[in-house]
1. Using the Karplus curve 6.51 cos²θ - 1.76 cosθ + 1.60 with θ = phi - 60°, work out ³J(HN,Hα) for each residue of segment 335-344 in order, rounded to whole Hz, and write x for Gly and Pro.
2. Rounded to the nearest 0.05, what FRET efficiency do Thr211 and Leu124 give with R0 = 35 Å and r taken as the Cβ-Cβ distance? Could you check?
3. So for the chain: antiparallel DSSP bridges make up what percent, rounded to the nearest 5?
4. What is the calculated FRET efficiency for Phe316 to Ser384, with r their C-beta to C-beta distance and R₀ = 30 Å, to the nearest 0.05?
5. Show the residues, 5+ positions off or on another chain, whose built amide H is closer than 5 Å to the amide H of Val153.
6. Per-residue counts of other Cβ atoms within 10 Å, averaged by peptide: what ranking do you get for 109-115, 256-262, 443-449, 177-183, highest first?
7. About its Cα centre, what dipole magnitude does segment 198-451 give when the only charges are +1 on Lys and Arg Cβ and -1 on Asp and Glu Cβ, stated in debye to the nearest 20?
8. Which order, highest average first, do 395-401, 199-205 follow once you tally other Cβ atoms within 10 Å for each residue and take the mean per peptide?
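The numbers here are math on the coordinates, done by the rules we state, and not lab data. Small disclaimer: the values here were computed from a predicted structure and weren't measured. For neighbour counting, all protein chains shown are included, and Cβ atoms are generated from backbone atoms with ideal geometry for every residue, glycine included.
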Amino acid sequence: MNKNSSNVMALAPNTPNKRETVCIFGTGDFGRALGHKMIQSGYPVVYGSRSTQISNLIPKDAEVLGHAEAAQKAAIIIIAIQRQHYNFLTPLAEVLRGKVLVDISNNLKLNQYPESNAEYLAQLLPGSRVVKAFNTVSAWALQSGTLDASRQVFVCGDDVEAKQMVMNIVRALGLTPLDKGTLLAAQEIENYPLQLFPMWKFPFFLSLGLTAFFFFYCLALDVIYTYIYENNNFSFFIAITIPNRVFPVMALILLALVYLPGIFAAIIQLYRGTKYRRFPDWLDKWMLCRKQLGLIALAFASLHVVFTLVTPMRAFVSWRTSKGIISQVLNNKTEPLNNTNAWISDSYLALGILGYFLFVLLGITSLPSVSNNVNWREFRFVQSKLGYLALILCTAHTLVYGGKWFLSPTAYKWYLPNIYMLSLVVPCAVLVVKFVLIFPCIDKPLTQIRQGWERNPKYSE
C-alpha cells in the first residue's frame with residue numbers, strides 16, 4: 001500500500017503536502033534555480049542562510065531561516081556552496097548528524113584537490129550521509145526546462161538508502177539519475193563538467209593536422225611551383241581553389257578512418273581466434289571516436305558542396321570561360337562536344353551527389369533523437385552497410401575526377417603526386433581489405449568468433 005502511494009506521489013508534482021521538506025544551504029544562482037524547480041515539483045523548500053531577510057530573488061514559496069534552524073526541518077540538505085566555505089558546517093555537526101548531505105559543487109580545474117569535494121565534506125562531517133549529485137546540471141538548464149543534453153544526473157555515495165532518496169528527487173524533477181557507485185567516483189563526476197569535448201580532441205587535432213598538411217601541400221604545388229617555373233601568380237587560389245581541394249580530400253580520408261578501426265578489429269580477432277581479449281588501447285580509443293570523425297568528415301563534405309556551388313561566380317572562372325569563347329571566335333572554329341569528357345563529368349557529379357546524400361543520412365542517424373528511435377539492426381545497417389556504400393561512392397567520385405592524373409607526367413610537380421592521389425590511399429586500402437574480409441572462407445570464421453567461438457579457449461577471460 002505504501003509503495004503504491006509513493007509511486008503515485010512521484011507522478012504527481014502538484015501535491016506539495018505529500019513531499020518531504022528539502023533544505024538548501026546557499027542562495028546563489030544554482031541554489032535558487034534548484035529550489036524553484038523543486039517547488040514546481042511539489043517539494044517544500046527551506047533555505048539556510050546567514051541572512052534571514054527574504055530577497056526578491058528567492059522563490060516566493062520558499063522559507064528562509066538560519067542554517068541550524070533550516071537543517072532541523074529537513075532530512076535532505078543540499079549544499080549549494082563552494083568547497084572553500086565548507087568550514088562553517090563544522091559547528092553544525094550535531095544538527096547534521098544522520099542527515100543526507102547532497103554535495104553539488106564543482107572545481108575550477110581538473111583534480112584541483114587530492115580528494116573530491118564530496119569526500120572532503122564526508123571527512124568534515126563523519127556523522128552525516130554524503131551523496132554527490134546535481135553537479136552536471138546547470139542553473140540555466142533548470143530554469144529553461146532542462147534540455148535533453150542536461151537531463152542526466154550522476155549520483156554516487158556510500159549510503160545506499162541516502163543515494164536512493166536523492167535519486168527519487170532527481171526523478172521527481174524530470175531528470176534521469178545514473179548511479180555511479182560509492183563516493184570514490186565523486187572525483188570523476190566532479191571532473192566531468194570540466195572536460196571540454198573529451199571525445200572530440202583526437203578527431204579535432206587529427207583533422208587540424210591533416211588539413212594544415214594538405215593545405216601547404218597544395219600551396220606548394222599550385223601556387224609556389226607555378227610562380228617559380230611558369231611565372232604565373234595564382235596566389236588567389238588560397239581563398240577558394242585550395243580549400244575546395246582540401247575539403248573533399250579531408251572528407252574522404254576521415255570517412256575511411258571511421259571504418260579503418262573496424263578492419264583492424266576484425267584482423268586482430270581472426271589472428272587471436274577469440275573476441276574475449278581486449279583490443280589495444282589505441283584501437284579502443286579510436287573506435288570510441290568514430291562518430292566524431294564521421295561528423296567532422298560530413299562538415300568537410302558540406303563545405304566542399306558550398307564552395308563548389310560558388311565556383312561559377314569566381315572572376316577566374318569567368319575569365320577562363322570568356323577566354324575560351326573568344327579564342328574560338330578568333331579562330332572561327334567551334335570545338336565539338338567531347339562525349340567522353342561529358343560522360344566523365346556527369347558521372348563524377350552523379351557519384352558525388354549520391355555519396356553526399358548517404359553521407360548526410362549517416363550524420364542524421366547518428367543524432368541521439370534519431371538513433372533512439374531505430375533498433376540495433378536498423379542502426380547497424382545504416383552505419384555499416386550504407387556507410388560502406390557511401391565510402392565506395394565517394395571514392396569512385398574521386399577516382400573518376402582525378403584518375404586521369406595518375407598517368408600524366410605533368411601532374412607530378414617536384415616529383416610529388418597530386419593531392420587526389422594521396423586522398424585515395426586510405427579509402428582504397430579499406431575497401432580492398434573489406435572486400436577480402438567478406439569472402440566466405442574468412443567471413444564465416446569471423447562471424448563464429450563474434451558469436452562466442454574460440455580457437456583456443458585458454459585465452460578467454
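1. Going residue by residue, I get 6, x, 5, 8, 4, 5, 5, 5, 5, 4 Hz, with x marking Gly and Pro.
2. Working: r = 50 Å, r/R0 = 1.44.
Computed FRET efficiency for Thr211 and Leu124: 0.10.
3. Details: 2 of 25 bridges.
Just about 10 percent of them are antiparallel.
4. Working: r = 42 Å, r/R0 = 1.39.
The value I calculate is 0.10.
5. Placed amide hydrogens put Thr176, Leu178 under 5 Å from Val153.
6. Details: 109-115: 11.4, 256-262: 22.1, 443-449: 14.0, 177-183: 16.9.
Going from most to least packed, we get 256-262, 177-183, 443-449, 109-115.
7. On the way: 21 positive and 8 negative charges, 150 e Å.
Roughly 720 debye, rounded to the nearest 20.
8. On the way: 395-401: 20.3, 199-205: 15.1.
Highest mean packing first, the order is 395-401, 199-205.
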